[in-house]
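Take a look at the structure set out below.
The values are calculated or read from the model by the stated rules, or taken from the named source; none is laboratory data. This one's a predicted model, so the numbers in the text were calculated from it and none came from an experiment. Glycine gets a Cβ as well: all are built from the backbone with ideal geometry, and neighbour counts include every protein chain shown. Only protein heavy atoms, including side chains, enter the accessible area calculation; ligands, DNA and RNA are left aside. Shrake-Rupley method; radii C 1.70, N 1.55, O 1.52, S 1.80 Å.
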Amino acid sequence: MAVVFQAASPGEANIRAALVDSRGMADLLVCRVGSRGLAQGDALWYITRDRQSASVRIWFGSIGMSQVKICFVPTRGEAGWCRPHRLRGRLG
């Protein structure tokens with residue numbers, strides 16, 4: 001399950017990500033969910049403020065510094081990987 005903590009610096013993060021506006025540029029389409037129980041896999045994220053309870057720590061920065069490009073989507077059905085990626089299965 002993807003319980004995500006937003007890290008303040010790239011040094012404290014497991015994953016460096018870039019937010020993109022276009023789904024065509026994204027590697028991963030992510031849908032935010034309202035509870036920890038709904039978080040699932042790499043694409044359904046519950047964002048927590050508690051670093052210790054997170055399954056992954058993500059830092060958001062520039063595309064040049066990122067390992068993965070993320071676009072947030074409004075529905076769970078749209079969420080998922082857009083293309084094969086080496087981080088697949090590492091966020092959840």
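When 54, 79 are screened for being modelled with pLDDT of 95 or more and in contact with a Cys (Cβ under 7 Å, 6 or more places away or on another chain), only 79 passes.
Reported count of residues in the range 1-24, each being open to solvent by less than 30 Å² (accessible area, probe 1.4 Å) and of a type in the set (Phe, Trp, Tyr), is 0. The residues of the range 43-82 that are in a helix (DSSP H, G or I) and either closer than 15 Å to residue 5 by Cβ or of a type in the set (Phe, Trp, Tyr) (or both), listed by number, are 51, 52, 53. Against the numbered list (1) out of contact with any strand residue (DSSP E or B) (no Cβ under 7 Å at 6 or more places or on another chain); (2) open to solvent by less than 60 Å² (accessible area, probe 1.4 Å), residue 77 comes up short only at (2). Only one of the listed residues (27, 42) is touching a Gly at 6+ places or on another chain (Cβ under 6 Å), in contact (Cβ under 8 Å) with a residue 12 or more places away in the chain and crowded, with 19+ Cβ neighbours inside 10 Å. That residue is 42.
Scanning the range 8-24 for residues that are touching a strand residue (DSSP E or B) at 6+ places or on another chain (Cβ under 6 Å), assigned to a loop (DSSP other than H, G, I, E, B) and farther than 20 Å from residue 89 by Cβ yields 20, 23. Whether any residue in the range 30-38 is more than 11 Å from the chain's Cα centre (by Cα), over 16 Å from residue 91 (Cβ atoms), outside any loop (DSSP other than H, G, I, E, B) and not hydrophobic (A, V, I, L, M, F, W, C) is what I want to check. Yes; the residues of the range 30-38 include at least one that is more than 11 Å from the chain's Cα centre (by Cα), over 16 Å from residue 91 (Cβ atoms), outside any loop (DSSP other than H, G, I, E, B) and not hydrophobic (A, V, I, L, M, F, W, C). Only one of 77, 89, 61 is in contact with a helix residue (DSSP H, G or I) (Cβ under 7 Å, 6 or more places away or on another chain), without any contact (Cβ under 8 Å) to a residue 60 or more places away in the chain and not aliphatic (A, V, I, L, M); which? Selected residue: 61, the only one of 77, 89, 61 that is in contact with a helix residue (DSSP H, G or I) (Cβ under 7 Å, 6 or more places away or on another chain), without any contact (Cβ under 8 Å) to a residue 60 or more places away in the chain and not aliphatic (A, V, I, L, M).
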